[in-house]
Amino acid sequence: MKITVCRKAHFNAAHKLYNKNWSKEKNTATFGKCSNDNFHGHNYELIVKLYGEIDKETGMVFDLAKLKGIIKSEVEDLLDHKNLNIDIPYFNDKIPTTENLSIFIWEKLRKAIDIDCKISVILYETPRNFVEYTA
Ligand code: NI
C-alpha cells in the first residue's frame, strides 16, 4: 500500500529576479520590484512529500527523523541566510524563481533519499504564492 509522508521546513534567503541578457528596463517591466539591484528577502516555507510503499518491517515509508536530517543538511544548511544569486553557483545561469529553486531543492533531495518513492517539493515564497514540483 502506498501513502504520502510529509515534512515541513523553513529557511530565509535573499534573491533578485534578473535576466542578465536583458536591459534594466526589460527586467523592471518583467519582474517589477523583484528585479531590484540590491536584492530582497523571503521567508521560505518548504514541504517535502514522499509517496511510497509502507515498509512491512518498520511500518514506515521513510523515517521522518531521517528526512528531517536530510532536509537540514541538503537544504537548510546550504540555503538559509544566503543570497541565492551570489552564494549558490547553480543560480549563476538560472534565475532564482520559486520554480527554479524548487527544482534545485528536489534534485538535492532526490540524491539523498535512497528509497523508491515519488518526491514532491512544495515551496512557499510568500504565504500565498507557492510552487509544487513532483517527479
Ligand atoms: Ni522575491
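Taking the condition surrounded by 14 or more Cβ atoms within 10 Å (Cβ to Cβ), charged (D, E, K, R) and at pLDDT 95 or above, does Lys94 pass? In short, yes. Evaluated against (1) out of contact with any Lys or Arg (no Cβ under 8 Å at 6 or more places or on another chain); (2) surrounded by 14 or more Cβ atoms within 10 Å (Cβ to Cβ); (3) over 19 Å from Glu132 (Cβ atoms), Cys117 falls short on exactly one condition, (3).
Residue pairs whose Cβ atoms lie under 6 Å apart, separated by 6 or more positions or on different chains, with the first residue in the stretch 31-60 and over 18 Å from Arg128 (Cα atoms) and the second within 16 Å of the ligand (Cβ to nearest atom) and among the small types (Gly, Ala, Ser), are Phe39/Ala14. With a requirement of 2 or more residues that are away from the ligand (no atom under 16 Å from the Cβ) and surrounded by fewer than 17 Cβ atoms within 10 Å (Cβ to Cβ), the helices (runs of 4 or more DSSP H) lying completely within the stretch 1-90 that satisfy it span 24-31, 64-71. Return the pair list, or none, for Cβ contacts closer than 9 Å from residues in the stretch 102-121 that are more than 15 Å from Val5 (Cα to Cα) to residues that are assigned to a helix (DSSP H, G or I) and among the small types (Gly, Ala, Ser), at least 6 apart or on different chains. Once the first residue is more than 15 Å from Val5 (Cα to Cα) and sits in the stretch 102-121, its partners that are assigned to a helix (DSSP H, G or I) and among the small types (Gly, Ala, Ser) give Ala112/Ser73.
The number of residues in the stretch 97-114 being modelled with pLDDT under 95 and either surrounded by 12 or more Cβ atoms within 10 Å (Cβ to Cβ) or within 14 Å of the ligand (Cβ to nearest atom) (or both) comes to 0. Figure legend. Inter-residue proximity from the stretch 10-27: first residues farther than 15 Å from Thr126 by Cα and free of Cβ contacts under 8 Å to residues at least 40 places away in the same chain, second residues part of a loop (DSSP other than H, G, I, E, B) and more than 14 Å from the ligand (Cβ to nearest atom), beta-carbon distance below 7 Å, spacing 6+ or different chains. Indicated pairs: Asn27/Asn19.
The values are calculated or read from the model by the stated rules, or taken from the named source; none is laboratory data. The structure displayed is predicted, hence computed values, not measured ones. Reconstructed Cβ throughout: ideal geometry from the backbone, glycine too, with neighbour counts over all protein chains shown.
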